[in-house]
Amino acid sequence: MAERSDIFLSYAWRDDQPFVQRLYRDLRADGYHPWMDKTDMPSRGRSLPREVIGKLDECDRIIAVMGPAAIKSEACQAEREYAFGKGKVLTAVLRLGEYKALPPELAKFFVPDFREPRPYKAALDELLRVLQDKPVPPGPLFDVPAAPPHLQHRPEELRLLREAITAAELRPVAITSTGTWQCTAWAA
């Protein structure tokens, strides 16, 4: 079997830890090298965020297991933002909840459905087909200044600004009249 890529599993413990452990085992059985904190954290001597960042830097791709807790988790959000910032390939899978609850940065991509009652095997086969595409790292940027260290990402404020700018284009307009209309049928 050909060598498969390293995969970082991002998930919230409160969503469905047995599912993540099963996915971990199945990815290993298919020749991938998944990493999850619960089984692969080699040392507690380093801080958790530093260890996680180190593994995110090393991996080829990230699988974000999405459920209500992962969507709300600051740690999971930070992992996804860091991965996007580094140009990593991120594949989200929906385990719990609804597609409409996915964060906007994930909702625009294909997200395999691992929710009940869909058979796990069918969802896993679909994910494995997605993983067969080699990750393509982005090319280098030239003459782009680095973000200043005091930069704070504000996705909610950005969303509100985007809505305000596009409001005229997206909101329907209704024309009303105080007068009465008469409809006359013309006979042919």
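The values are calculated or read from the model by the stated rules, or taken from the named source; none is laboratory data. What you see is a predicted model, and the numbers here were worked out from it, not measured in a lab. As a convention, Cβ positions derive from the backbone with ideal geometry for all residues, glycine included, and neighbour counts pool all protein chains shown. All accessible areas refer to the heavy atoms of the entire protein, side chains included, with ligands and DNA or RNA removed. Shrake-Rupley method; radii C 1.70, N 1.55, O 1.52, S 1.80 Å.
For the pair GLU58 and PHE84, the difference between a 0.36 nm per residue extended length and the Cα-Cα distance amounts to 8.0 nm.
The solvent-accessible area of LEU56, taken with every protein chain present and a 1.4 Å probe, is close to 0 Å². Rounded to whole numbers, the Karplus 3J(HN,Hα) couplings from phi for the range 103-110 are x, x, 5, 9, 5, 7, 10, 5 Hz, using 6.51 cos²θ - 1.76 cosθ + 1.60 with θ = phi - 60°, and x at Gly and Pro. Taking all protein chains together and a 1.4 Å probe, the residues SER73, SER10 rank SER73, SER10 from largest to smallest accessible area. In this view, the solvent-accessible surface of VAL144, computed with a 1.4 Å probe and all protein chains in place, comes to about 90 Å². Computed over the range 64-172, the range of Cα coordinates on each principal axis works out to 44, 42, 28 Å, biggest value leading. If only the Cβ of Lys and Arg carry +1 and only the Cβ of Asp and Glu carry -1, the dipole of the range 1-129 around its Cα centre is close to 160 debye.
Principal axis extents of the Cα atoms in the range 1-126, from largest to smallest and rounded to whole angstrom, are 41, 36, 26. Hey, which lysines would be in cross-link range of LYS88, C-alpha to C-alpha under 23 Å, not counting anything within fewer than 8 residues on its own chain? Cα-Cα hits under 23 Å: LYS38, LYS55, LYS72, LYS108, LYS134.
Under 5 Å from the amide H of ALA92 lie the amide H atoms of ALA64, each residue being 5 or more positions distant or on a separate chain, with H modelled from the backbone and absent for Pro and chain starts. Averaging the sequence gap over all C-alpha pairs within less than 8 Å and six or more residues apart, then dividing by the number of residues, gives the range 49-167 a relative contact order of 21 percent.
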